[in-house]
Amino acid sequence: MDRLTLRRPDDWHLHLRDGAMLNAVLPETARHFARALIMPNLVPPVVTAADAADYRDRILAAKPRGSRFQPLMTLYLTEDTDVRDLRAAAEIGLISAVKLYPAGATTNSASGVTDFSKVKRVLENMAQIGLPLCVHGEVTDPAVDIFDREAAFIETVLDPIRRDVPGLRVVMEHVTTSDAVDYVRGGGDDIVATITTHHLVINRNHILAGGIRPHYYCLPVAKRESHRRALVAAATSGDPSFFLGTDSAPHLDAAKLQPCGCAGCFTATNTLSVLAEVFEAEGALERLEAFTSLNGAAFYGIEANDERIVLVKGDPINVPPGILTDEGVVTVFDPGMPLHWHVEG
Ligand code: DOR
Ligand code: ZN
């Protein structure tokens, strides 16, 4: 097979940032994707309906001319989130989900949740109206090994929340372990997972063996190979519980290449080429569309996109090593393999 037609994909977990960074990275996503769920971890975070409306306007203003890209907004859950504001934002379709960061788990998560009892009423309201909770699933207890934080989160935080708030619809985001895959598979209709492009390609050796590679450092950190294999199996299975959320997370090289560098892989530019390669290697190209374009829309209760894109296979493509913002360079994710597929047009 050397041509593959897909419904235009959606990215169910994307960081666009703001200002110069937003201007530089938005075209990279808008080129191929119809819609993306926009993460609210700005500084300060997107907490209220008014914040989300303003941010949405800034995104729309940064869109390339002629682009029909649609940002789907989220609110950042805090212990002070106002239920009425949140419900009103959901009712008018301003927000598509709410994002839970355990306080301190990752980039700009300081305003996140420490005491889960304080958000119970918000979660109950979300369950009532069917508004999904997108979860960064890692415990923040410094005593827990960083490679165990996702598995520990499922047992000590996520499962108790779901028992406490029946009917809450949950997206376990950027899953990195077979534990998470198993939990989602056995968890019924109210729990799904997004999987990133980079976690389908790298394991922890890629970050650490033979030299440290800061551009592969992200959170949750990539785990051992057996976990990566579990993610590939889930993504390529066609199971509607798994879909693409790239977590494309741009940071300037100046911020990544530090004694204490930022977490995030920037994959917007070459995601579809990388995914085609991964699915082809599994003999699963015919299931790529479910992962990129169907399963997520179905979970969020919206139509799949009518437009189509065509992936074409040929000689290895040249991906730019980075993109330039007004403030410096953002390195593009290097999958470490030739990419033969590109999006036509
Ligand atoms: O690697 C990551 N980068 N993981 C996250 O959870 C946040 C993200 C970011 O905002 O940079
Ligand atoms: Zn993220």
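Mind counting the residues in the range 14-27 that are farther than 15 Å from residue 61 by Cα and either away from ligand 2 (no atom under 13 Å from the Cβ) or not hydrophobic (A, V, I, L, M, F, W, C) (or both)? Quick ask: steps written out before the conclusion?
Initial filter on the range 14-27 (farther than 15 Å from residue 61 by Cα): 14-15.
Now narrow it down to the ones that are either away from ligand 2 (no atom under 13 Å from the Cβ) or not hydrophobic (A, V, I, L, M, F, W, C) (or both): 15.
Summing the residues that are farther than 15 Å from residue 61 by Cα and either away from ligand 2 (no atom under 13 Å from the Cβ) or not hydrophobic (A, V, I, L, M, F, W, C) (or both) in the range 14-27 gives 1.
Scan the range 94-120 for residues that are out of contact with any strand residue (DSSP E or B) (no Cβ under 8 Å at 6 or more places or on another chain) and within 14 Å of ligand 1 (Cβ to nearest atom) and the total you get is 6. Restricting attention to the range 34-52, the residues that are of a type outside the set (Asp, Glu) and free of Cβ contacts under 8 Å to residues at least 60 places away in the same chain total 8.
Yes or no: residue 18 within 15 Å of ligand 1 (Cβ to nearest atom) and surrounded by fewer than 20 Cβ atoms within 10 Å (Cβ to Cβ)?
Numbers: within 15 Å of ligand 1 (Cβ to nearest atom): yes; surrounded by fewer than 20 Cβ atoms within 10 Å (Cβ to Cβ): yes.
Answer is yes for this residue.
Scanning the range 57-66 for residues being closer than 16 Å to residue 14 by Cβ and either in contact (Cβ under 8 Å) with a residue 40 or more places away in the chain or open to solvent by 80 Å² or more (accessible area, probe 1.4 Å) (or both) gives a total of 3.
Filtering the range 208-223 down to residues that are over 16 Å from the mean Cα position of the chain (by Cα) and among the aliphatic types (A, V, I, L, M), which residue is surrounded by the most Cβ atoms within 10 Å (Cβ to Cβ)?
From the range 208-223, those over 16 Å from the mean Cα position of the chain (by Cα) are 208-215, 223; that's our starting set.
Next cut, among the aliphatic types (A, V, I, L, M) only: 208-209, 212.
On the way: 208: 14, 209: 10, 212: 10.
It comes out as 208.
Just one of the numbered conditions (1) closer than 25 Å to residue 53 by Cα; (2) among the acidic types (Asp, Glu); (3) more than 16 Å from ligand 2 (Cβ to nearest atom) is not true of residue 173: (3). Residues satisfying the criterion are present in the range 129-136 (criterion: at pLDDT 95 or above, open to solvent by 50 Å² or more (accessible area, probe 1.4 Å) and away from ligand 1 (no atom under 16 Å from the Cβ)).
Does the range 170-187 contain at least one residue that is on the phi > 0 side of the Ramachandran plot and either charged (D, E, K, R) or more than 16 Å from ligand 1 (Cβ to nearest atom) (or both)? Looking through the range 170-187, none of the residues is on the phi > 0 side of the Ramachandran plot and either charged (D, E, K, R) or more than 16 Å from ligand 1 (Cβ to nearest atom) (or both).
Considering only the range 75-86, state which residues are open to solvent by less than 60 Å² (accessible area, probe 1.4 Å) and either out of contact with any Leu (no Cβ under 8 Å at 6 or more places or on another chain) or closer than 21 Å to residue 32 by Cα (or both). 76, 78, 79, 83, 85, listed by residue number. Considering only residues in the range 149-176 that are closer than 16 Å to residue 299 by Cα and open to solvent by 20 Å² or more (accessible area, probe 1.4 Å), the one that is farthest from the chain's Cα centre (by Cα) turns out to be 167.
Of everything listed in (1) surrounded by fewer than 24 Cβ atoms within 10 Å (Cβ to Cβ); (2) within 16 Å of ligand 2 (Cβ to nearest atom); (3) within 26 Å of residue 276 (Cβ to Cβ), the single unmet condition for residue 184 is (2).
Could you please let me know if residue 317 is at pLDDT 95 or above and under 19 Å from the mean Cα position of the chain (by Cα)?
Values: at pLDDT 95 or above: yes; under 19 Å from the mean Cα position of the chain (by Cα): no.
Spelling it out, it is not the case that residue 317 is at pLDDT 95 or above and under 19 Å from the mean Cα position of the chain (by Cα).
Checking the condition farther than 25 Å from residue 109 by Cα, more than 19 Å from the chain's Cα centre (by Cα) and buried (at least 16 other Cβ atoms within 10 Å of the Cβ), which residue from 277, 307, 289, 344 passes? On inspection, the qualifying residue turns out to be 277. Candidates in the range 259-272 are the residues that are more than 14 Å from ligand 1 (Cβ to nearest atom) and under 18 Å from residue 332 (Cα atoms); of these, the one that is most open to solvent (accessible area, probe 1.4 Å) is 269. Which condition number does residue 299 fail, the rest of (1) more than 16 Å from ligand 2 (Cβ to nearest atom); (2) out of contact with any helix residue (DSSP H, G or I) (no Cβ under 8 Å at 6 or more places or on another chain); (3) free of Cβ contacts under 8 Å to residues at least 24 places away in the same chain being met? That leaves (3) as the condition not met. Hey, residue 225 hits all of (1) away from ligand 2 (no atom under 16 Å from the Cβ); (2) in contact (Cβ under 8 Å) with a residue 24 or more places away in the chain but one; which does it fall short on? Just one mismatch for residue 225, condition (2).
Restricting the range 187-207 to residues that are of a type in the set (S, T, N, Q) and part of a loop (DSSP other than H, G, I, E, B), which is most open to solvent (accessible area, probe 1.4 Å)?
To start, the set of residues in the range 187-207 that are of a type in the set (S, T, N, Q) comprises 194, 196-197, 203, 205.
With the extra rule that they be part of a loop (DSSP other than H, G, I, E, B), the set shrinks to 196-197, 203.
Numbers: 196: 0, 197: 1, 203: 17 Å².
Ranking the candidates gives 203 first.
The values are calculated or read from the model by the stated rules, or taken from the named source; none is laboratory data. Only a predicted model underlies this, so the values are computations on that prediction, with no experimental measurement involved. Because the Cβ atoms are built from the backbone with ideal geometry, glycine has one as well, and the counts that use them run over all protein chains shown. Note: areas computed on protein heavy atoms with side chains; ligands, DNA, RNA excluded. Shrake-Rupley method; radii C 1.70, N 1.55, O 1.52, S 1.80 Å.
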